[in-house]
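The values are calculated or read from the model by the stated rules, or taken from the named source; none is laboratory data. Computed from a predicted model, the values in this text were never measured in an experiment. Here the Cβ positions follow ideal geometry from the backbone for every residue, glycine too, while neighbour counts run over all protein chains shown. Please note that ligands, DNA and RNA were not included when accessible areas were found on the heavy atoms of the full protein model with its side chains. Shrake-Rupley method; radii C 1.70, N 1.55, O 1.52, S 1.80 Å.
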Amino acid sequence: MRKQILAAVALMCLPFMASAQRPRPTADLPKWEHVADTPQMGWSSWNCFMTDINEDLIKATADAMVELGLVDAGYVYLNLDDGWHGERDANGFVHEDLEKFPSGIKALADYLHSKGMKLGIYSDAGDFTCACYTGSRGHEYQDAITYASWGVDYLKYDWCFTSNANPKGSYILMRNALRKAGRPILFSICEWGSNKPWEWAEEVGHSWRTTGDIGPAFLPVPTTYNEQGRPNWKPQSVIDIIEKNEPLRRYAGPGHWNDPDMLEVGNSITVDGVYYEMTDSEDRAHFTIWCMMAAPLILGNDLTKITDETLAIIKNKEMIAVDQDPLGIQGLRLKTEGDLQYWFKPLSDGDWAFCVMNIGEADVPLAIDWSTLEVDDELSGRKTSFSKVNYSVKDIWNGGAPVNTLVKGKGRNKGQMVTNVLNTTVGSHDVVAYRLTPVATK
């Protein structure tokens, strides 16, 4: 009898044993591919306007982006940041603030699409957004369906009011929701680098913030305190952010980018009575290093009041090409000497981008001796080999004009290889930048 009972139990367990051998189901869905093969480019409302946004402003900005040639230059996303939200209806679906956007977000998306542009939108993984509008926690799939139905192309997803939430789980949940909604949407993770997203977010989002919020300040801003002894808000400066983002280059690549926050080129703000603004040279240095770091290029200035100097910076096609290079390698800071930082970025077809940034208060005359700047980049597997390879040199901030050719030849001692020296001056809080292209020799 005992043998019969054991046999019967074994037969009953067979279906369960068989099912245990089958792959376990998973709810995970892949992020959308090929929406960020190069770093995203566009404009966002936050840096200049914060929550003071409306339909007229956004349409005027879209018109300006087209008329100024920014869309043709690659700035195709126009992103609504915090402040567009209305209330949720009885079924939990979010609606736009119809006082700000009386025609609705879908009509706005249609307007942008008709101009060859794409619409971005903002939400938060918590109960509220950072400006205390309704967040997406508990409504992720509803919000993803809503965004897809509106024709949204980009979601910036913040991390305020997220008590007791797991960051990786929260962002995976929204990634799955966006995929399930069926419309390709670029997913921009914005939790300020607090939970090291570069270590886990490659399969989750298309970019992730690596720092706190930037402001229009080039050098670090001293901490000040209020009457209660608490530190006042201060922006993360360009230099602060470079120091945090530069060491993370190995995590970036096509479809998954380190995001050192939006561009402050041409922007200014006043906070607690303190006015912040950068000079044109500081803006140029800021823009250059963002391109060298293969960062998303998201403008944040008032495009209806843009100066010619600012427009020339953000439309520099040679510098944009460095950022958008399909090889997708974040640049490296080769060395720092005093106030000078030397940067290289490997590009496709054997090219290199090279720049020197001066963070000091005085202009620096410089003789660039290429033989002292050899790069052996383990990440990309690329070497400059200046002693063996001839390069032509183009000045990126002088319209791509040719500078000279690095000439391979023999010196006084037989077999010695020499190269030309490039003489230049690096202005205070400014950069010089060049593109090096291998030249075939007979």
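Across the range 193-220, the number of residues qualifying as touching a strand residue (DSSP E or B) at 6+ places or on another chain (Cβ under 8 Å) and closer than 23 Å to M278 by Cα comes to 9. The selection criterion, being buried (at least 18 other Cβ atoms within 10 Å of the Cβ) and either among the polar types (S, T, N, Q) or farther than 22 Å from Y251 by Cα (or both), does not hold for V375.
Of everything in the range 36-62 that is of a type in the set (D, E) and in contact (Cβ under 8 Å) with a residue 12 or more places away in the chain, the residue that is nearest to Q324 (Cα to Cα) is D37. Within the range 252-272, no residue satisfies the criterion of being open to solvent by less than 10 Å² (accessible area, probe 1.4 Å) and modelled with pLDDT under 95. Look at the range 86-105: where a residue is under 17 Å from N54 (Cα atoms) and a partner is of a type in the set (V, I, T) and part of a loop (DSSP other than H, G, I, E, B), sitting 6+ places away or on another chain with Cβ atoms under 9 Å, you get K100/I53; F101/I53; I105/V152. Applying the criterion of at least 1 residues that are of a type in the set (G, A, S) and surrounded by 23 or more Cβ atoms within 10 Å (Cβ to Cβ) to the helices (runs of 4 or more DSSP H) found wholly in the range 273-328 leaves 280-292.
Results for (1) within 13 Å of the chain's Cα centre (by Cα); (2) touching a residue at least 12 places away in the same chain (Cβ under 8 Å); (3) more than 21 Å from G120 (Cα to Cα), shown as yes or no for each residue.
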position	(1), (2), (3)
S281	no, yes, yes
R284	no, yes, yes
C291	yes, yes, yes
A294	yes, yes, no
N301	no, yes, no
K305	no, no, yes
E309	no, yes, yes
